[in-house]
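Enquirer: One structure, pasted below without further comment.
Read the figures in this text as sums done on the coordinates, not as results from a lab. Just so you know, these numbers come straight off a predicted model, no measurement behind them. Glycine also receives a Cβ, built like all others from the backbone with ideal geometry; neighbour counts cover every protein chain displayed.
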Protein chains: 2
Amino acid sequence: MAKNSTVRNAFYAQSGGVTAVINASACGVIQTARKHPDRIGKLYAGRNGIIGALTEDLIDTSRESDEAIAALRHTPSGAFGSCRYKLKGLEESRAQYERLIEVFRAHNIGYFFYNGGGDSADTCLKVSQLSAALGYPVTCVHVPKTVDNDLPITDTCPGFGSVAKYVATSIREAAFDVASMCSTSTKVFILEVMGRNAGWITAACGLATSKEGEAPHILLFPELVFDEAKFLARVDETVRSKGYCVVAVSEGVKGPDGRFLAESGLRDAFGHAQLGGVAPRLAELVRGQLNYKFHWAVADYLQRSARHLASKTDVAQAYAVGKAAVELALKGHNAVMPTVVRKSTRPYKWGVGVADLSEVANVEKKMPREFITPDGFHITAKCRNYLAPLIQGEDYPPFVNGLPDYVTLRRVAVKKKLPGDFKI
Amino acid sequence: MAKNSTVRNAFYAQSGGVTAVINASACGVIQTARKHPDRIGKLYAGRNGIIGALTEDLIDTSRESDEAIAALRHTPSGAFGSCRYKLKGLEESRAQYERLIEVFRAHNIGYFFYNGGGDSADTCLKVSQLSAALGYPVTCVHVPKTVDNDLPITDTCPGFGSVAKYVATSIREAAFDVASMCSTSTKVFILEVMGRNAGWITAACGLATSKEGEAPHILLFPELVFDEAKFLARVDETVRSKGYCVVAVSEGVKGPDGRFLAESGLRDAFGHAQLGGVAPRLAELVRGQLNYKFHWAVADYLQRSARHLASKTDVAQAYAVGKAAVELALKGHNAVMPTVVRKSTRPYKWGVGVADLSEVANVEKKMPREFITPDGFHITAKCRNYLAPLIQGEDYPPFVNGLPDYVTLRRVAVKKKLPGDFKI
């Protein structure tokens, strides 16, 4: 179909930590955009996220085959590159916002699809506001993504369900291992999972407990202050009664002094402390105080990239919010985010809704206290009801020669139209 | 079929670190034994391995349903319990060997199936020798198992192929993650895998590299002395040319002083140092010397219990050696171990052979130097040819409510026949 004046290009970028299914959202965005050539011309992606827009380093997604785009649905990571780069307030980062709009204008970009967490929802909202103020209105739709599950309004965040399935499966498997060896070997096993401020991933480990008393026996949430004496007492009691003790700990657990147990002193571009290492610290504590043989694992990136064990529900939701983002934009919605809406828990039914970005940006959804047992060490039935549907179903990627076959895109650059380099 | 004088009972035990498929071997042993009631009466399993035989704590496997035994094929860990307990030389541990034979005699046990690595092959051989010398001959067959892949003669050890598939998949997934974020985030990612003396698991990570220059970029084998300057230079060079660097490191890598980089000072029952933590040490080195942002993961038990991603080839081989062990015993073979025999690599064809335990016991198969590239940092084509077939095929367990459905056996105890307690 020939281009006409109502055809505008679109821009898509991935932001922040990638997930096993963020590319499924990209797949939803691109496949849906391709169905509307009368409205959307080219769909450009930012190379390395929003930085690609700032430096006018755009990828022409039309140069990717339909097969390659379809393969995004089963490929983890960010196919166009993501970044940790936060645009701040309109005053502080005005030059960046204006540059974004300059680039959008140069490339006739009328749609901005931003795939990320709370920070990028905020950026998306501001681009919408500033573009209108500058007389070049851009339709901005945020596509939710975060393994931390900490966005408000949406029932869950695409990316979370797959991590949840991975950590619950992994801790169940490791617990079977420990149980079978505990008479003469490891008595305490500690798995460290992601979750800086919100304990959703740690909570998901609790799904591996199918009946009371089963492993994992102790979950340590960042929402609660770590109590060393209480923790050690519970470990000891569990080893004495069960023969072993399996612990899941969030990387973000803090002590009474408010400091991360695992703080390494490094900080990332967002000013967040770089974590990692709370499991070995707890293991050292267990050895020093209880003298039990221990093992520990730190899943780190393995958990958020484990597309081989993605939740089918999560993949479907990731794709659906990508698709809905384009459809919302075409219907004229602006400064919004498609959400996952739970219609029923048993049987699980969900649909896609819409939220205003002003209600999403910079709001962090932590675990409600009622999702954690009174003793602070496990999840309640209410939490289990919430979490259980999110890990349902398997969605295995194709395997070639025994390994998952993931796609790497061509990532053909769009010719620059603006002079000079923008320093980020 | 009524019992007659040629019917004798059998004993099966799991030894040492468990794997994702040792229960598949148990399944092969038990299902095959059940087909020969004219020769094998009851099949007893040792609770917590050989310790169960010494303390006369036997499990009556006839009390487990056919369905439960079939489910062992897809259940990781050691269903009867395993242990780290090594019988030493005939002189040093004579009381233990004599006790074993006393328990076997009390329960009319004429077959001993021992499922483990090099240490248990040695025990199996000695039981065979001593039982003959004491006038109560027991047919002893060792069933190979070790994630370390370090047994001689057999082409591979059941348990290894599944770890290999898991670590290769995991590092490929994590590498996709790192590649997509490296412009502003992590530049160096380090995955620590098992392998105290033999680098087979680290080598398997190299299978994720499908063409030269792809991640993982650096493999660190325990067979080679760690050279800090050379390692740092290669990391730096890789980050400069690729934008990021992915490293797989064996827990057993040693420095020029002969000490494990990760030595924690603890030792297990076999006198081996307890390892864990070489990844964070290397990460610290990278930060201190190169100032690159890093992340690290320690897979620990996750890798050897990851039945959700087992190699179909490995599961089939684990089952086959269990089945063959019973068949060999019934044919009168003694002090032997069924082996995996490679008949062809392309296409991959294998069968089951037999080795004398005298040639297996206490021999450790390390990586041949020709399997490692001259620079010491990757695997050669020859190594790839060897490894590639071992990870072929997927063999997913059943999932219920989004999680793998593993079986826990009833483990009904056999009534003791001997007086008193044997102190182990």
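Enquirer: Take B:LEU207, B:LEU309, B:LEU87 and order them by how many other Cβ atoms sit within 10 Å, fewest up front. Don't skip to the answer; put the middle values down first.
Expert: Working: B:LEU207 25, B:LEU309 28, B:LEU87 20.
Going from least to most buried by this count: B:LEU87, B:LEU207, B:LEU309.
Enquirer: Cβ under 15 Å from A:ARG304's Cβ, A:ARG304 left aside: what net charge do those residues give with Lys, Arg +1 and Asp, Glu -1? Mind showing how you got there, number by number?
Expert: Numbers: positive: A:ARG84, A:LYS145, A:LYS165, A:ARG196, A:ARG307, B:ARG172; negative: A:ASP148, A:ASP150, A:GLU192, A:GLU251, A:ASP300, A:ASP314, B:GLU173, B:ASP177.
Net charge in that neighbourhood comes out at -2.
Enquirer: If you place +1 on the Cβ of every Lys and Arg, -1 on the Cβ of every Asp and Glu, and leave all else neutral, what size is the dipole of the stretch A:160-307 about its Cα centre, to the nearest 20 Debye? Please report the intermediate quantities before stating the final value.
Expert: Working: 17 positive and 16 negative charges, 41 e Å.
Around 200 debye, computed over the stretch A:160-307.
Enquirer: Additional query: For the stretch A:78-176, which GluC sites (Glu not before Pro) are both in a DSSP coil and crowded by at most 15 other Cβ atoms within 10 Å?
Expert: Values: sites: A:GLU91, A:GLU92, A:GLU98, A:GLU102, A:GLU173; in loops: A:GLU91, A:GLU92.
Answer by residue number: A:GLU91, A:GLU92.
Enquirer: Where both residues lie in the protein assembly as shown, what percent of DSSP beta bridges are antiparallel, nearest 5? Write down the numbers at each step before the final one.
Expert: On the way: 37 of 99 bridges.
Here the antiparallel bridges make up roughly 35 percent for the protein assembly as shown.
Enquirer: May I ask for the angle, rounded to the nearest 10°, between helix A:228-242 and the longest principal axis of chain A, with both axes built from Cα atoms and the value confined to 0 to 90°?
Expert: Taking the Cα atoms of chain A, the angle to A:228-242 is about 60 degrees.
Enquirer: Any idea what the dipole of chain A comes to, in debye rounded to 20, about its Cα centre with Lys/Arg Cβ at +1 and Asp/Glu Cβ at -1?
Expert: Details: 52 positive and 43 negative charges, 184 e Å.
Value, rounded to 20: 880 debye.
Enquirer: Full-extension gain between B:ARG259 and B:GLU370, please, as 0.36 nm times their residue separation minus the C-alpha to C-alpha distance. Intermediate values should be presented prior to the final figure.
Expert: Values: separation 111, 0.36 × 111 = 39.96 nm, distance 2.45 nm.
Full extension from B:ARG259 to B:GLU370 adds 37.5 nm.
Enquirer: Right, another one. Residue-wise, which Karplus ³J(HN,Hα) couplings in Hz belong to the stretch A:153-168, taking 6.51 cos²θ - 1.76 cosθ + 1.60, θ = phi - 60°, and x for glycine or proline?
Expert: With the stated coefficients, the stretch A:153-168 comes to 6, 4, 4, 8, 9, x, x, 5, x, 6, 4, 4, 5, 5, 6, 5 Hz.
Enquirer: Right, something else. Using 7 Å Cα-to-Cβ label points, what is the B:THR408/A:TYR136 separation (nm, one decimal)?
Expert: Inter-label distance under the simple model: 6.2 nm.
Enquirer: What number in nm² do you get for the stretch B:1-65 if you take the convex hull of its Cα atoms and divide its surface by four? Present the calculation step by step, with values, prior to reporting the outcome.
Expert: Values: hull surface 19.5 nm².
So the mean shadow area of the Cα hull is 4.9 nm².
Enquirer: Taking the Cα centre of chain B as the origin and placing charges on Cβ (Lys, Arg +1; Asp, Glu -1), which of B:SER93, B:GLY322, B:SER170 is farthest toward the positive end of the dipole?
Expert: Among B:SER93, B:GLY322, B:SER170, the one farthest towards the positive end of the dipole of chain B is B:GLY322.
Enquirer: Please turn the phi angles of the stretch A:9-26 into ³J(HN,Hα) values with the Karplus equation 6.51 cos²θ - 1.76 cosθ + 1.60 (θ = phi - 60°), one per residue in order, whole Hz, x for glycine and proline.
Expert: 7, 10, 10, 10, 9, 9, 10, x, x, 7, 9, 6, 10, 5, 5, 5, 5, 4
Enquirer: Using a 10 Å cut-off around each Cβ of peptide B:68-80, what is the average number of partner chain Cβ atoms that fall inside? It would help to have the intermediate numbers written out before the result.
Expert: Values: counts 0, 0, 0, 0, 0, 0, 0, 2, 6, 9, 5, 3, 1.
Mean inter-chain Cβ contacts per residue within 10 Å come to 2.
Enquirer: Chymotrypsin sites (Phe, Trp or Tyr not before Pro) within the stretch B:380-424: which are DSSP loop residues with at most 12 other Cβ atoms inside 10 Å? Could you put the intermediate results ahead of the total?
Expert: Values: sites: B:TYR386, B:PHE399, B:TYR406, B:PHE422; in loops: B:TYR406, B:PHE422.
Listed in order of number, the matching sites amount to none.
Enquirer: Restricting to bridges with both residues inside chain B, how much of the DSSP beta-bridge set is antiparallel, in percent to the nearest 5? Before the final figure, lay out the partial values.
Expert: Values: 18 of 49 bridges.
Percentage antiparallel, nearest 5: 35.
Enquirer: Still on this structure, I have one more. Restricting to DSSP loop positions (anything but H, G, I, E, B) with no more than 14 other Cβ atoms inside 10 Å of their own Cβ, which trypsin sites (Lys or Arg not before Pro) remain in the stretch A:1-74? Show your work: numbers first, answer last.
Expert: On the way: sites: A:LYS3, A:ARG8, A:ARG34, A:LYS35, A:ARG39, A:LYS42, A:ARG47, A:ARG63, A:ARG73; in loops: A:LYS3, A:LYS35, A:ARG39, A:ARG47.
Sparse-neighbourhood loop trypsin sites (Lys or Arg not before Pro): A:LYS3, A:LYS35.
Enquirer: Considering the alpha-carbon set of chain B alone, what are its Rg and its Dmax in angstrom?
Expert: According to the Cα coordinates of chain B, Rg and Dmax are 22.6, 75 Å.
Enquirer: Then there's this: What residue among B:VAL246, B:VAL193, B:THR146 has its Cα farthest toward the positive end of the dipole of the stretch B:146-282, where the charges are +1 on Lys, Arg and -1 on Asp, Glu, each on the Cβ?
Expert: Projecting each Cα onto the dipole axis, the largest value belongs to B:VAL246.
Enquirer: Can you compute the equivalent ellipsoid semi-axes for the protein assembly as shown, i.e. the square root of 5 times each eigenvalue of the Cα gyration tensor, sorted largest first and rounded to whole Å? Mind showing how you got there, number by number?
Expert: On the way: eigenvalues 535, 143, 122 Å².
Listed largest to smallest, the semi-axes of the protein assembly as shown are 52, 27, 25 Å.
Enquirer: Residues in the stretch A:382-401, backbone N under 12 Å from the label point at B:ALA70 (7 Å along the Cα-to-beta-carbon vector): list them, ranges by number please.
Expert: None, by backbone N distance to the label point.
Enquirer: Only counting other Cβ atoms within 10 Å, I'd like A:MET194, A:MET181 sorted with the fewest neighbours first. List each step's numbers first, then the result.
Expert: Details: A:MET194 24, A:MET181 28.
Lowest count first: A:MET194, A:MET181.
Enquirer: For the stretch A:160-307, what is the largest minus smallest coordinate of the Cα atoms on each principal axis, given in angstrom and ordered from greatest to least?
Expert: 46, 35, 22
Enquirer: On to the next question. Is there a quick way to get the dipole size of the protein assembly as shown? I mean about its Cα centre, with the Cβ of Lys and Arg at +1 and of Asp and Glu at -1; what is the value in debye to the nearest 20? Intermediate results must be reported in sequence, preceding the final value.
Expert: Values: 104 positive and 86 negative charges, 278 e Å.
The dipole of the protein assembly as shown has a size of about 1340 debye.
Enquirer: Exceeding 25 Å between C-alpha atoms, which entries from my cross-link table qualify? They are B:LYS126/B:LYS165; A:LYS42/A:LYS126; B:LYS145/B:LYS211; B:LYS145/B:LYS312.
Expert: Values: B:LYS126/B:LYS165 34 Å; A:LYS42/A:LYS126 23 Å; B:LYS145/B:LYS211 31 Å; B:LYS145/B:LYS312 16 Å.
Pairs exceeding 25 Å: B:LYS126/B:LYS165; B:LYS145/B:LYS211.
Enquirer: Determine the percent antiparallel among the DSSP beta bridges restricted to the stretch B:160-306, to the nearest 5.
Expert: Working: 2 of 16 bridges.
Approximately 10 percent, going by the DSSP bridge assignments.
Enquirer: Calculate for chain B the 222 nm mean residue ellipticity that helices alone would give, adding -39,500 (n - 2.57) per DSSP H run of length 4 or more and normalising by residue count, nearest 500 deg cm²/dmol. It would help to have the intermediate numbers written out before the result.
Expert: Numbers: 13 runs with 144 residues, N = 424.
Taken over chain B, the calculation gives -10500 deg cm²/dmol.
Enquirer: Using Cβ counts within 10 Å as a stand-in for footprinting exposure, how do B:ASP236, B:ASP356 rank, fewest first?
Expert: Going from least to most buried by this count: B:ASP356, B:ASP236.
Enquirer: Now a separate question. Could you work out how far apart the two model spin labels at B:ALA106 and A:THR345 are, taking each label as a point 7 Å from the Cα in the direction of the beta carbon, and quote it in nm?
Expert: Roughly 5.2 nm, to one decimal.
Enquirer: Could I ask something else about it? Please compute, for peptide A:82-88, the average count of beta-carbon atoms on other protein chains lying within 10 Å of each residue's beta-carbon.
Expert: Numbers: counts 7, 6, 6, 3, 0, 0, 0.
Average neighbour count from other chains, rounded to a whole number: 3.
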